[in-house]
1. With the dipole of the protein assembly as shown worked out from charges on the C-beta (+1 for Lys and Arg, -1 for Asp and Glu) around the Cα centre, which of B:459, A:401, A:237 lies farthest toward the positive end?
2. Kirkwood hydrodynamic radius for the range B:387-427: how many Å is it when counted over pairs of different Cα atoms?
3. When we measure straight from the Cα of residue B:454, which lysines land under 19 angstrom away, once same-chain ones fewer than 8 places off are left out?
4. Hey, which residue of B has the C-beta nearest the axis mapping B onto A, and what's the distance in Å?
5. Please express the shape of the protein assembly as shown as an equivalent ellipsoid: the semi-axes are the square roots of 5 times the eigenvalues of the C-alpha gyration tensor, given largest first in whole angstrom.
6. Residue by residue through the range A:162-172, which ³J(HN,Hα) values in whole Hz follow from phi under the Karplus form 6.51 cos²θ - 1.76 cosθ + 1.60 (θ = phi - 60°), with glycine and proline marked x?
7. Let me confirm one metric for peptide B:414-426, namely the mean number of other chain beta-carbon atoms within 10 Å of its residues' beta-carbons.
8. Between the range B:425-458 and the range B:495-536, how far is it from one alpha carbon centroid to the other, in angstrom?
Protein chains: 2
Amino acid sequence: MLEYKAPVRDIKFVMQELLHSNKHYQQLGYDDASEDMVDAIIAEAAKFTEQVIAPLNQIGDQQGCTWHDGIVTTPDGFKEAYQQYVEGGWPTLSQSEEFGGQGLPHSLNVAISEMMSSANHSFAMYPGLSHGALATIEAHGTDQQKQQYMPKLVEGVWTGTMCLTEPHCGTDLGMLRTKAEPSDDGSYSISGTKIFISAGDHDLSDNIVHIVIARVPGAPEGNKGISLFVVPKFNVNEDGTIADRNGVSCGSIEHKMGINANATCVINFDSAKGFLIGEVNKGLHCMFTFMNSARLGVSLEGAAAAEASFQGALAYAKDRLQMRSISGVKNPQGPADPIIVHPDVRRMLLTQKSISEGGRALVGYLAQLVDVTHAGKDEASKAAADNKLALLTPIAKAFLSELGFECTSHGVQIFGGHGFIKEWGMEQLMRDTKISCLYEGTTGIQALDLLARKVLGSQGEILKPFMKDMTEFCQENYDNPQLQGFTKPIAAYLADWQNITESIGQKAMKNADEIGGASVDYLMFCGYVTLAYFWAQMAKVAQEKLDSNTDEQAFYQTKIQTASFYFQRILPRAKGHLACIEGGVDSMMAMDSENFSF
Amino acid sequence: MLEYKAPVRDIKFVMQELLHSNKHYQQLGYDDASEDMVDAIIAEAAKFTEQVIAPLNQIGDQQGCTWHDGIVTTPDGFKEAYQQYVEGGWPTLSQSEEFGGQGLPHSLNVAISEMMSSANHSFAMYPGLSHGALATIEAHGTDQQKQQYMPKLVEGVWTGTMCLTEPHCGTDLGMLRTKAEPSDDGSYSISGTKIFISAGDHDLSDNIVHIVIARVPGAPEGNKGISLFVVPKFNVNEDGTIADRNGVSCGSIEHKMGINANATCVINFDSAKGFLIGEVNKGLHCMFTFMNSARLGVSLEGAAAAEASFQGALAYAKDRLQMRSISGVKNPQGPADPIIVHPDVRRMLLTQKSISEGGRALVGYLAQLVDVTHAGKDEASKAAADNKLALLTPIAKAFLSELGFECTSHGVQIFGGHGFIKEWGMEQLMRDTKISCLYEGTTGIQALDLLARKVLGSQGEILKPFMKDMTEFCQENYDNPQLQGFTKPIAAYLADWQNITESIGQKAMKNADEIGGASVDYLMFCGYVTLAYFWAQMAKVAQEKLDSNTDEQAFYQTKIQTASFYFQRILPRAKGHLACIEGGVDSMMAMDSENFSF
């Protein structure tokens, strides 16, 4: 069984040394988020995830959730662990003080979510979904709705879900059929079937608050006729206490490849009482607000999975003796060398390490941008942060989930045949992580969002501020011989990025399908270059520490070595994606649909 | 649930039109393998795999094998299906007539194995392993051993296994501990524990014949002290009838990520009676003979998985309506367009299609080389075939298993969230196929075998004949404007292949770890270029048919379109691998083992 050890030193490196969280929090007025307080919270979260959450990961996979007569039961230990999670005050961390939260910054919660997700992907999803429901009510709900639902959701004694998907519509929400008929008392009667509702039913909380999209009578077709409702499992009195059962039931749960300990439910709404959130027919807009934060949460899962798999693989690679090093015996006392001496094992370990740590930096940066959108002191900085999030969220979501999945596969390969055996826990990480490439919009959907909606939709404007950051970094450090190995390649890739974007834009004017043809390779290209920028910044921080005679020589030296590995052995993959984009879309579209097989 | 339809038209295209199997069989003296006979056998195998084997795939995964008091039971229906397999004479197809076989060529059996593996990976492994045991006894056994074991193995009423791995040694067989003590009657008493024994115990056959590696007393350490034994589950009388139970038992079965319907056993040998195969301490050599054929079998699994996943994904992509085509509505009568109109869905489908069909061509070619090693008319042609197999087997095994796995992942992505649900069968293909990247030597081991042992070990000599084939093909067709889109890129990549091989060789003289550092990227590069050569040949055949006014215009046009897709959108990935190789090994080896985490 895997043991999880929270990477506290590296989390602090990213937050405090790379992203200067102390200064960042001060500027935004998060006075309670002092460095000492942040350190204490991270240490406590490390203990909690290592000792309470991680030990339930394997049993959660083995037992899964069970459904019996409409009631979902989570695996042994989950209820008690969730209880501890609530008692520890974890759900309240970054929630508004007005509703019982601690008012701490979102980015601190993200650091903790990473540990939760590495320790137990399924468990981490329960609070993750509550967060989405909370954010939606806080942003778009009425004062009464906030008073009724938020305190219990913030406390964590109630949980939330997002009910979007129906059997015939996943990506294409405009096709939804769930109906919302207005009642005389101002509420709505909701009827329809939703599928793939994560945490849709379970035994962890006293009530479950569903955020549901549905159509009111006479609503326009498609995306312009979507309205948003809050529909609790148990009706809620005006004072926030629980009343009778609402017309909401769990019809079944799915049997899945992974995340077995998180119930994926069919939820039936039978004339369930619901309340409109925001304006009629404006539901999709409200959903998008939520979706960006959900997608950031998924990008974190990719990096977290890489970390968990790296920890397992590293321990095994140091322990397992097999074959001699090709460059000479390294362990003469033993019958063979530990497999960490073999270059290809190191290649896989360093891939995991560079994606995990690089992903942590990218997600940490995005989380700080979210802080700014919440607490920025002026509209201009808020808008700038929002703009960068719009660009980088689809990149982080798709790139890190794909690379995170690849890293869990490396973990299995490092274990050889043992990686395929459930007992070791490595294959579970692969199965669990695959969902991150699917939910909250598949990789293909993220890529279209990035290239069609964001980049080309803004005529490239959305790229400019981030390109400027990267270009300035390169210029500022171009003459530094210690950083040239990083800045020169980035500068060259930025020119490629610019050129390929223009080239796709021009081709798309003749054939719009060029966009879809290029999109996934384009996103992956952007992902590799973006992560390179974060690795270069980390190398710079580490070099400055080494130059100032830090007493953590090995830590910072390793950081530069990992950066070098990323630049030498991972970043060059971007060339393959570039060459594939240049292949264009014609060879994809030529074939008649009926001729794909004979 | 997935429905499997054997790709009979394409199998015939590869065998008969691309690889001229009719002429090939005639030249080797396989007089029974007439085109009519081959067609009839393939048609019959298609029916059997579609109707008997494929319907058991999902239930096999759900039920798995069970172990109770040392007895392994296969899932419902497996015993009956295996019975039909034996009654149909399938095990005998390419076995020697001397022992009851039909004496048909190996390559015909490979075509059938592909269908078996697409239909049901777990089921296909049972005969696959018998094949290995049979080949070993036929090549290295005594006449008496052949008389005792082969007829029943050929008939299929007994099955076989290969018992190599032990808990502390997988790749590094030299570390094995299983002991073989000589008895007075000329037999040996075998004691030890073997793990990961596929088909190690089950209820399909009357006896199980284990081929076991062990050490005799006083054997030299390491690979030079390995001897090979045949150890039956039930002892066998001299006339081939079954006697009493031998000291062989199944201690447990593994719980795995996939191939649940194939029992992966711990096999305990307690003073079991075994008989030496070949010479004492020469066992590893005998094993290698077998291993090449086993590895060819695994490469086929990769292509077969791509085919199965493609079939499921294609049906879904034509049926599932979601979003409108970005280049204009394609299905105005429906609420949305079928997702096959979206370029990125096509990219994934065509990746599956080009790997499945390209892999079929590569494996078909290798299978014909095996035919030559069996039945070649002169030693020179046999040696040449053997040499090409030595080069291409690790490429095919690792490249096709990795790409096959990637293709099953595309299948899941095309289904979106539904791909993650067990019911659809797409995720099972992913889980089952992952094993192909692990067993019979991981991807890393294949890559070392290719680059260190084969290519650099022969000073590049082993590359020459295949390079010559590819170069000649390019030269012969260089002036053909219809083929220039294929020959020009291949010629350029062949120059890269030559250069990078020399460059690695030179760097390795200074630092042997450069080999391991480059090996996997090198293998993948070789794989992409090798498949390009087969796609170019297929395009040529198709173009000739079109030029001669075939009445199958659509089939051949599609073949050329798929080839174009491969060249435009898959082959360019080789550039990424090349760039990664150029990054060298230094950034991998710099880090101290103790500094990988803090």
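Any read-out appearing in this document is the output of simple, stated calculations on the displayed coordinates, not a laboratory observation. Everything numeric in this text was worked out from a predicted model, so none of it was measured. Here the Cβ positions follow ideal geometry from the backbone for every residue, glycine too, while neighbour counts run over all protein chains shown.
1. Of the candidates, B:459 comes out farthest on the positive side.
2. By the Kirkwood definition, the hydrodynamic radius is 11.6 Å.
3. List returned: B:382, B:388, B:397, B:464, B:468, B:507.
4. With distances in whole Å, chain B gives B:576, 1.
5. Its equivalent ellipsoid spans semi-axes of 50, 33, 32 Å.
6. 10, 10, 10, 5, 10, x, 9, 9, x, 4, 8
7. 5
8. 16 Å
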